[in-house]
Amino acid sequence: MAPLLETDGLRKTFGALVANDGISLSVKDGEVRGIIGPNGSGKSTFFNTVTGFYQPDGGTVTFDGEDVTRLASHEIARKGLARTFQIVSPFESLTVRENLLAVHSKGLRVRSEKRERAGEILEFLDIAHLADDEASEMSGGQQKLLELARLLMLDPKCILLDEPTAGVNPALQKRILDRLLAMNDRGTTFVIVEHDMDLIREFADTVSVFDQGRIIAEGTFDEVTAESRVRDAYLGAESDI
Ligand code: ADP
Ligand code: MG
């Protein structure tokens with residue numbers, strides 16, 4: 001089967017700094033791909049470059065059989081490749097529901113349809129009771145759910161998640177993960193940057209390890225952590241995993 005998302009030699013520099021140094025990554029339809037790597041290894045830059053927020057200095061991005069390398073971020077999102085940011089940014093003065101209605105979704109032109117879809121998504125994520133609250137009143141974890149809710153308005157095929165559980169309390173973390181798994185069961189593909197190794201082990205089918213703008217290992221969680229440089233960096237030298 002052809003990959004749903006593929007990058008080939010993706011390169012992004014900031015002056016003399018090479019943040020992405022030829023990233024070639026291929027994600028199958030329906031897969032959950034984990035990305036791990038130290039701070040500054042280029043993970044967020046990769047998401048920004050893949051989704052059109054940064055123009056790459058080289059390489060290509062193919063999504064769903066189409067070259068999307070030079071497309072603008074909103075065009076890429078409308079093709080079904082959506083992403084979250086490490087720092088969430090809802091419209092704080094709008095209510096939760098209004099935040100969803102503000103999303104320009106291609107398939108939902110009629111306002112009543114859009115409201116209905118927004119209601120379904122809020123139910124699905126278990127935040128319907130917050131629909132009329134201002135986004136600014138939500139906790140950091142709830143704002144992550146809101147960000148996910150806004151993405152779902154686009155009905156994406158593939159979602160790139162940048163540290164979805166960072167700064168979220170364990171109960172909410174569990175709920176976010178449970179919902180992501182439910183979406184994956186229904187066919188949504190995920191690429192997920194996470195520092196939480198338990199989560200990556202449980203959730204990711206395949207793991208790509210970033211270091212200094214390159215992929216230094218790729219495989220199942222057990223395969224990549226069998227490599228000593230990966231195991232030492234992430235699990236501690238004493239780990240017997
Ligand atoms: P990670 O997400 O893995 O922590 P980043 O992709 O955020 O890493 O950063 C990779 C490198 O690129 C870092 O050295 C960072 O300082 C640099 N960088 C990221 N974005 C920018 C930017 N907009 N301008 C200049 N340097 C940047
Ligand atoms: Mg980052």
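Readers should treat all values here as calculations from the given coordinates under stated rules, not as data from a laboratory. Everything numeric here is computed off the predicted structure, so don't read it as measured data. Cβ sites come from the backbone with ideal geometry, for glycine too, and all protein chains shown count toward neighbours.
Have a look at the DSSP beta bridges in the chain and tell me what percent are antiparallel, nearest 5.
The answer is about 55 percent antiparallel.
Can you name the helices of the chain, as whole DSSP H runs, whose Cα span along the helix axis is 15 Å or more and whose Kyte-Doolittle mean is not below -0.5?
Sorted by number, the helices that extend far enough and score high enough are 140-152, 170-185.
What does the helix-only formula give at 222 nm for the chain: each DSSP H stretch with n ≥ 4 adding -39500 (n - 2.57), the total divided by the residues, and the result rounded to the nearest 500 deg cm²/dmol?
Rounded to the nearest 500, it is -9500 deg cm²/dmol.
Give the lysines whose C-alpha is closer than 30 Å to that of residue 174, dropping any in the same chain fewer than 8 places away, or say none.
28, 43, 79, 114, 144, 157
May I ask you to compute the full-extension gain from residue 181 to residue 29, defined as 0.36 nm times their residue separation minus their alpha-carbon distance, rounded to one decimal in nm?
Extending this stretch completely gives an extra 53.3 nm.
How big is the charge dipole of the chain about its Cα centre, in debye rounded to the nearest 20, if each Lys and Arg gets +1 on its Cβ and each Asp and Glu gets -1 on its Cβ?
Its charge dipole is roughly 820 debye.
Taking the Cα-to-Cβ direction at residue 139 and at residue 229 and moving 7 Å from each Cα, how far apart do the two end points lie in nm?
Placing both labels 7 Å beyond Cα along the Cβ direction yields 4.0 nm.
First select every other residue whose beta carbon is under 15 angstrom from the beta carbon of residue 168; then total the charges, Lys and Arg +1, Asp and Glu -1.
Charge balance near residue 168 sits at -4.
What FRET efficiency do you get for residue 67 and residue 39 if R0 is 30 Å and r is their Cβ-Cβ distance, rounded to the nearest 0.05?
After rounding, the FRET efficiency stands at 0.45.
Kindly put 33, 70 in sequence by how many other C-beta atoms sit within 10 Å of each C-beta, fewest to most.
Fewest-to-most Cβ neighbours within 10 Å comes out as 70, 33.
What order do you get for 24, 41, 112 when you list them from fewest to most C-beta neighbours inside 10 Å?
112, 24, 41
Which of the trypsin sites (Lys or Arg not before Pro) found in the range 159-241 are loop residues per DSSP with 13 or fewer other Cβ atoms within 10 Å of their Cβ?
186
Order of 206, 225 from fewest to most other C-beta atoms within 10 Å?
Result, fewest neighbours first: 206, 225.
Alpha carbon centre of the range 1-74 versus the range 149-193: separation in Å?
19
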